[in-house]
1. Go through segment 45-67 residue by residue and tally those that are outside any strand (DSSP E or B) and either within 16 Å of the ligand (Cβ to nearest atom) or loosely packed, with under 15 Cβ neighbours inside 10 Å (or both).
2. Read through the list (1) away from the ligand (no atom under 15 Å from the Cβ); (2) within 18 Å of G77 (Cβ to Cβ), then give the number of the only condition that A185 fails.
3. Would you say T120 is over 18 Å from the mean Cα position of the chain (by Cα), away from the ligand (no atom under 13 Å from the Cβ) and in contact (Cβ under 8 Å) with a residue 60 or more places away in the chain?
4. With respect to H170, is the statement that it is surrounded by 14 or more Cβ atoms within 10 Å (Cβ to Cβ), within 15 Å of the ligand (Cβ to nearest atom) and under 24 Å from E191 (Cβ atoms) true?
5. When you go through (1) more than 16 Å from the ligand (Cβ to nearest atom); (2) not in a strand (DSSP E or B) one by one for Q72, which number turns out not to apply?
Amino acid sequence: MTPSRRLLITTGFTISSGALGFAISEWIERRTIATSGATLPLRGIPGIGGPVRLTDHRRVRVDETTFQGKIQLVFFGFTSCPDVCPTALNLISDLLDRLGPDAAAFQPLFITVDPERDTTEVMARYVEAFHPSIVGLTGTVEEIEGVASAFRAYFKKVPSQSGLGYVMDHTATIYVLDRQGVFRATLDIHESPDTSLEVLRRFTAPARGS
Ligand code: NI
């Protein structure tokens, strides 16, 4: 059994047996340690993705069809994040630079899980500090809950002793969606950037397509 086939079967089991969507985000967090870089079979994982209604950092409304045709790199976070989010966005920016002309095939999306503080203006300042091609997405609390649910992403407001008042716990996986918007792979910020780069190159390799 190939690793990717085993991955798909394990995921199917998780979905059918887990009543809560959070199961899969926890599963992804755990499994990426052992199997990150696995490119999933063409049909992807059922249950990841779905209707999306958000506003980008230029105040343009977007939905799940807006970025089709691009290979999407989807990351959830918040602009006040002290550590994980800057690490992830630096990784994505570095990967885009290293992809050279192929970077044009990718659309990185940074979706806030803190829409109360992360307005379009805040998102614009933040994403533009990392890379010009990153699109920041925010929305109402309900819209953010909707997209997080569609991606089985976890987030939770946590009181903080810092001046922030609260921080957000959140899923730290980078989701890779193919040109049809099908979830195909994950990137892990803790692994070597070279490994992540190899995963992304599989999506642009002529023989593989996607
Ligand atoms: Ni973060």
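1. Total satisfying the criteria: 7.
2. (2)
3. Against the criterion (over 18 Å from the mean Cα position of the chain (by Cα), away from the ligand (no atom under 13 Å from the Cβ) and in contact (Cβ under 8 Å) with a residue 60 or more places away in the chain), T120 qualifies.
4. Against the criterion (surrounded by 14 or more Cβ atoms within 10 Å (Cβ to Cβ), within 15 Å of the ligand (Cβ to nearest atom) and under 24 Å from E191 (Cβ atoms)), H170 qualifies.
5. For Q72, the exception is condition (2).
All of the numbers you see were taken from the coordinates with simple rules; none came from a lab. Just so we're clear, the structure is a prediction, and the values are computed from it rather than from any experiment. Note: ideal-geometry Cβ built from the backbone for every residue, glycine included; neighbour counts use all protein chains shown.
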